Each structure stands twice: as structure tokens, then as C-alpha cells.
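Take a look at the structure set out below.
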Amino acid sequence: MKVCIIHDWLVTYAGAEKVLEELLKIYPKADLYSTVDFLDKNQRSFIMNKEVETTFIQKLPFAKKKYRQYLPLMPFAIEQLNVSSYDLVITSSHAVAKGIITGPDQLHISYVHSPIRYAWDLQHQYFKEANLEKGLKGLIAKLIMHYMRIWDYRTAHGVNYFISNSNFIGKRIKKVYGRESETIYPPVDVSSFSLCTEKEDYYLTASRMVPYKKMDLIVEAFAQTPEKTLIVIGDGPDYKKIEQKATDNIKLLGYQPFDKLVSYMQRAKAFVFAAEEDFGITPVEAQACGTPVIAYGKGGSLETVKNEGEFKTGKYFYKQDVLSIKKAVEEFEQENYNYEKIREHALNFSPEIFRQKFSDFVNQKLEEM
């Protein structure tokens, strides 16, 4: 059986690329395609140092740094990739990969991290953050997104089966494409995070400092509770703004190497997470350390953090505001948590489980053909 995998773009190693890495472990002989491939030589081990067939965008001016600006050309570019010789076509898509053209005798399975966020329900949020709500640039951007929505909906009909990375994204797939999907949670490297049952008297938050992560709200909440210590790990465009809101009980450590992050995560009383994520890997990593999570109760957190049942792994707050975070922290301190059980829960998101569920799903669909 000939297999190929199509990924949106290869420029870094992040959440979507961790899924790709596991897909290649399932299908090590698969050929790999992408709109662009700008991975450095020392970054290529996760794709098994494979040669990648790319589109014409690879050779356009300044594509290495400005590849996102060629988004309007990507639907046309992805359609030029010829995968007609493959029996099984797998797309790993949060933008255009799922638009690959396949024939009636090919099985096309698309693992969707999300339908194109900035074209659908999050368009207004993205345009506001990019200052594209008004003016000529804004009008052009809106026209491009209108075209992207038409193309994105049309190409959904070329997918045999959708896999979503969470039930939350499954609802978005149903809303946008009118299609059902199977949820298979993305792989989390839980083995790199070991259990620690000796917790210290501080809270932790860690993330890239960009607006939708809502790190500023967490810092403001702890600034109003000076008796509680908060450690903040991460860097990004909002760092200076967040730094100005920090008080003496809040320690901003900036970027930290992985081993330092793990150490702080293991010893924290709780991990605080205020973003609305499609899945959210960091809360699972915290739970792999046995650390409870205080999370915004929307999106992927509702599926990764247990707020009820025979045992809890964390606490929800339901509004992205300072008061809700403060209240959740106060309520959290009145509760008891079993750190071993929290880690056991996190093991449900291991790479091994991802590979087993994905291969079982594909094999079942191949048998039905």
C-alpha cells in the first residue's frame, strides 16, 4: 500500500508537527508533501530526515520568512501536488493541506487541528489583533478570507473521513463543513514529565505571551492577592505589558529551558491556564507531573482537565476575567487532590495511545472500502 502524508508547512517543531512525527512512526515509508519546507538540517529528525516535495511557494521571494503572506496562493498551490499514485492519503491540516485533490479509489483521511481559524469563527478576533478591521488592507484581507471560506468548504467534500483533535474541534468541523468526525487526541510526550508529590507554595503559568493566551489576566489576578506567589515562564510580544502589571509576589522568569520548566511544573501547587485552546498541550504536561490545573472552562480544557467524577485533576473558571480567576484559586485551596491519580489521567494522552487509535481507525476504514 502506497501512503503519503501532506502537512500545511514545515518551518518549526510545534504541536501540529508532533502529530506529524507520530504519523510517520505509524507509516515510516510514507512520502511527505508540504507547501514549503524550511526546516534546518538539525530540525529534521522528527520527519526521519525525509525529502519533502513542496509547492512553487517554496521558491517565491522571501518565502522563508514571509510564507504566511502567500496564504492566498496556497489553495492553488496545494492542488498542484500530484498524489494520484497513492492508496492512502493522510492530511495533517489547520490551513490548506486537506484541499489536496484525490480520486474516488483513494482513501483520504484528514486529521484536522482546526478548520482555518482566521477564516471562520475567529476571523474578527484575528483581524482586531492585526489591526485589519478598517481601511484598504482590511478590505483586501476580508475579501481573501471570503475566498478562503468558499474554497475550504468545497474541498471538505474531497475528504473521506475527518479526525478531530478534540470534541471541541469536532463541533467546529460539523459547523463549518457539515461533516461528522472522530476525535483522537493529539500525542503529548508525558514520559518527559515525571510525577512529583512534594508541592511547594507557588502557582505557575507558562506560555508564549500573546493576547489570546490571557497571561495578563492571570498576572492581574495574583497582583490582587499578594499573599499568593505566582511564577510566570514565557516570552513574547506582550512581555513588557505584563511585566508592568506584576507585583512583588509575581516572578517573571522569561524564557526557560525545558528542564527548568519541568522542574517548576513538578513542584507547583497548581498550573493556571486562561486560554481558550483547541486542545491545549501544556495543561496535560502539568498533569503528567501530578500537578492540578486551574483552567478556563471552554475549548479543549473541558476534555483534558477533570472537574468532577470519582477524582478531580483541576478546577474550571468560566469567564476570562480577573475576578473569576481569583475565585477559582480560592476554591481550589479548599479542595484535596490525588497527585498520582492526576498523572494517571495524563497518561491517556500518550503518543502510544495516539498511534494505536489512529492506526485502528485507518485499518477499519481500509477494510470497509
Among the residues of region 298-307, write down those that are in contact with a strand residue (DSSP E or B) (Cβ under 6 Å, 6 or more places away or on another chain) and part of a loop (DSSP other than H, G, I, E, B).
Val305, Asn307
Since Gln80 meets every condition but one in (1) in contact with a Ser or Thr (Cβ under 7 Å, 6 or more places away or on another chain); (2) more than 11 Å from Asp8 (Cα to Cα); (3) open to solvent by 20 Å² or more (accessible area, probe 1.4 Å); (4) in contact (Cβ under 8 Å) with a residue 60 or more places away in the chain, which condition does it not meet?
(4)
Could you check how many residues of region 28-77 are of a type in the set (D, E, K, R) and touching a residue at least 12 places away in the same chain (Cβ under 8 Å)?
7
From the list Asp8, Asp31, which one is farther than 18 Å from Met148 by Cα and acidic (Asp, Glu)?
Asp31
Condition (residue is among the aromatic types (Phe, Trp, Tyr), surrounded by fewer than 20 Cβ atoms within 10 Å (Cβ to Cβ) and touching a Lys or Arg at 6+ places or on another chain (Cβ under 8 Å)) applied to region 31-41: is it met by at least one residue?
yes
Which is under 21 Å from Glu340 (Cα atoms) and aliphatic (A, V, I, L, M), of Ala286, Ala221, Ala275?
Ala286
So if I check each of Glu277, Glu310, which one is closer than 22 Å to Arg117 by Cβ, of a type outside the set (Val, Ile, Thr) and out of contact with any strand residue (DSSP E or B) (no Cβ under 8 Å at 6 or more places or on another chain)?
Glu277
Matching entry among Ser85, Ser114 (being of a type in the set (Ser, Thr, Tyr), assigned to a loop (DSSP other than H, G, I, E, B) and farther than 19 Å from Leu366 by Cα):
Ser114
Residue count, region 214-243 (criterion: surrounded by fewer than 16 Cβ atoms within 10 Å (Cβ to Cβ) and touching a Pro at 6+ places or on another chain (Cβ under 9 Å))
1
Within region 42-61, restricting to residues that are in a loop (DSSP other than H, G, I, E, B) and in contact with a helix residue (DSSP H, G or I) (Cβ under 8 Å, 6 or more places away or on another chain), the one that is most open to solvent (accessible area, probe 1.4 Å) is Met48
How do the pairs read when you match residues in region 103-119 that are over 19 Å from Glu129 (Cα atoms) and of a type in the set (A, V, I, L, M, F, W, C) with residues anywhere that are assigned to a loop (DSSP other than H, G, I, E, B) and open to solvent by 30 Å² or more (accessible area, probe 1.4 Å), using Cβ under 7 Å and keeping only pairs 6 or more apart or on different chains?
Leu107/Asp87; Leu107/Asn160; Leu107/Met369; Ile109/Asn160
Within region 122-140, the count of residues that are exposed (fewer than 13 other Cβ atoms within 10 Å of the Cβ) and either of a type in the set (Ser, Thr, Tyr) or under 18 Å from the mean Cα position of the chain (by Cα) (or both) comes to 0
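The values are calculated or read from the model by the stated rules, or taken from the named source; none is laboratory data. Given the structure is predicted, the values throughout are model-derived calculations rather than measurements. So basically every Cβ, Gly included, is an ideal-geometry build from the backbone, and we count neighbours across all protein chains shown. Note: accessible area is taken over every heavy atom of the protein model, side chains too, but ligands, DNA and RNA are not part of it. Shrake-Rupley method; radii C 1.70, N 1.55, O 1.52, S 1.80 Å.
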